[in-house]
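Remarks on the structure that follows.
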Amino acid sequence: YTILSKVHSDRNVYPSAGVLFVHVLEREYFKGEFPPYPKPGEISNDPITFNTNLMGYPDRPGWLRYIQRTPYSDGVLYGSPTIENVGKPTIIEITAYNRRTFETARHNLIINIMSAEDFPLPYQAEFFIRNMNVEEMLASEVLGDFLGAVKNVWQPERLNAINITSALDRGGRVPLPINDMKEGVYVMVGADVPFSSCLREVENPQNQLRCSQEMEPVITCDKKFRTQFHIDWCKISLVDNTKQVSTFQEVIRGEGILPDGGEYKPPSDTLKSRDYYSDFLITLAVPSAIALVLFLILAYIMCCRREGVEKRNMQTPDIQLVHHSAIQKSTKELRDMSKNREIAWPLSTLPVFHPVTGEIVPPLHTDTYDNTSMPLMQTQQNLPHQTQIPQQQSAGQY
């Protein structure tokens, strides 16, 4: 079901179309390409990485993938050749880099894709295994155990591993580095007999409802995988190619000659003169004229339409003007007092007459009195000889 080969210089391999192809790039082999420089008594374990590309191109063919988890692990080329690649030799350049000595070694891998007689297998099933990474699943013993479990459930005459894809290539997320979580892997297998009843159980309405509620479906044959493989049965895909209608349409090819469009006439190299006067008027003169008109209208409204002070006073009542004038005089007097407090006392602070005797009451302060703390208006309580108005006594209790 798979082809495993080790790295050799200009190695030829012969995978079959529609069958999983695996090629291991072993670090032990490439260690011999680099001279050892360890200290006495130490074993050389240099970090080695690989670069693979199609000869003459920067990348690999679309069906071929490459993975190497760390520089201290082997690299793996894997993929499923298609029928379109049959008969076309594919030369893969393999370049090994020694990350300690910065030396390189290059080898060629010649892939000769052969056609398979039973290709394609009509019944194909794709499983999603949650507890495996792609490099773990590519190991021959692990893949063999999985195909053995599928064969016990399916009971086909021929069973092939068609393709293996990492969940990260399908849009999956990198798992958290806790509890040794795996990224997951999709494994597609093909057989020559219809799907078994166990595989069809996932299509039951009850199981479809459980999958929609993110619950595990009830599959009778899950125990045959559970010991080593944790399969997500909600993501299983069953494809029956015998019932698919071909939508291929034959392409009618023409002669490959474009119709005659006449003689090509390139544009002239000389530039024609252009008058920019109209552009100047549109971009500068017109906005300037509009701004000037608006300015004149605003100036007329602000300067020529004012009512004036005289007209305002004529329309104001006399009593309001008198009050306004008195307020202005008092404000001016208070401002002058605040500027110089040594000036004569205002009329509001001169001595007042006694309300009963008519005698002039002298001011409370002397010449040496600090007039800065003197209130502007004296209250009746501050005046001496104040006549007390008798209070009405309340009636006694009977």
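When Thr49, Thr270 are compared by accessible area of protein heavy atoms, the largest-first order is Thr270, Thr49, using a 1.4 Å probe. Taking 0.36 nm per residue of separation and subtracting the Cα-Cα distance, full extension of the segment from Val193 to Arg11 would add 61.9 nm.
Here region 123-240 is treated with +1 on each Lys and Arg Cβ and -1 on each Asp and Glu Cβ, and its dipole about the Cα centre works out to around 200 debye.
Here is the list for region 206-243: trypsin sites (Lys or Arg not before Pro) lying in DSSP coil, each with at most 16 other C-beta atoms within 10 angstrom of its C-beta, are Lys243.
Projecting the Cα atoms of Thr165, Gln124, Asn152 onto the dipole axis of region 98-167, where Lys and Arg carry +1 and Asp and Glu carry -1 at the beta carbon, places Thr165 farthest toward the positive end.
Shown is the FRET efficiency for Asn51 and Val86, computed with R0 = 25 Å from the Cβ-Cβ distance and rounded to the nearest 0.05: 0.40. For region 72-107, chymotrypsin sites (Phe, Trp or Tyr not before Pro) are listed when DSSP marks them as loop and at most 15 other Cβ atoms sit within 10 Å of their Cβ; the list is Tyr72, Phe102.
Student exercise: in region 123-240, how many lysine pairs 8 or more apart or on different chains have Cα atoms under 18 Å apart? Could you put the intermediate results ahead of the total?
Working: Lys151/Lys223; Lys151/Lys224; Lys182/Lys235; Lys223/Lys235; Lys224/Lys235.
Going through region 123-240 pair by pair, I get 5.
The apolar share of the surface of region 6-113, taken as the fraction of accessible area on carbon and sulfur atoms (1.4 Å probe, ligands and nucleic acids excluded), comes to 52 percent. A 1.4 Å probe, protein heavy atoms only, puts the accessible area of Met188 near 50 Å². Can you compute the FRET efficiency between Lys243 and Glu263 using 1/(1 + (r/R0)^6), with r the Cβ-Cβ distance and R0 = 45 Å? Round to the nearest 0.05. Using R0 = 45 Å, I get an efficiency of 0.20. The distance between label points at Leu271 and Asn340 comes to 7.8 nm (points 7 Å beyond Cα on the Cα→Cβ vector). Our note on the geometry: Cα centres of region 86-107 and region 47-75, 8 Å apart. Normalised per residue, the accessible area of region 123-240 is 51 Å², obtained with a 1.4 Å probe and no contribution from ligands, DNA or RNA. In a DSSP loop and with at most 15 other Cβ atoms within 10 Å, the trypsin sites (Lys or Arg not before Pro) in region 82-134 are Arg99, Arg100. Using heavy atoms of the protein chains and a probe of 1.4 Å, the accessible area assigned to Glu33 is about 90 Å². In terms of accessible area, using a 1.4 Å probe and ignoring ligands and nucleic acids, Trp63, Trp233 rank largest first as Trp63, Trp233.
Exposure check, 1.4 Å probe, all protein chains in place: Glu28 carries approximately 120 Å² of accessible surface.
When Val322, Val185 are compared by accessible area at a 1.4 angstrom probe, the order from most to least is Val322, Val185.
Under 24 Å of direct C-alpha separation, and excluding same-chain neighbours fewer than eight residues apart, Lys339 reaches these lysines: Lys329.
The value of relative contact order for region 123-240, using C-alpha pairs under 8 Å at least six residues apart, is 42 percent. Each label was represented as a point 7 Å from its Cα along the Cα-to-Cβ direction; for Val218 and Ile319 these points are 10.0 nm apart.
With both labels modelled 7 Å from their Cα along Cα-to-Cβ, the Asp232 to Leu281 distance reads 7.2 nm.
Gain on full extension, evaluated as 0.36 nm per residue between Leu294 and Asn108 minus their Cα-Cα distance, stands at 58.8 nm.
The values are calculated or read from the model by the stated rules, or taken from the named source; none is laboratory data. Not measured: the values here are computed from a predicted model. All Cβ positions, glycine included, derive from the backbone under ideal geometry; neighbour counts span all protein chains shown. What goes into the accessible areas is simple: the full protein's heavy atoms, side chains included, and nothing from ligands, DNA or RNA. Shrake-Rupley method; radii C 1.70, N 1.55, O 1.52, S 1.80 Å.
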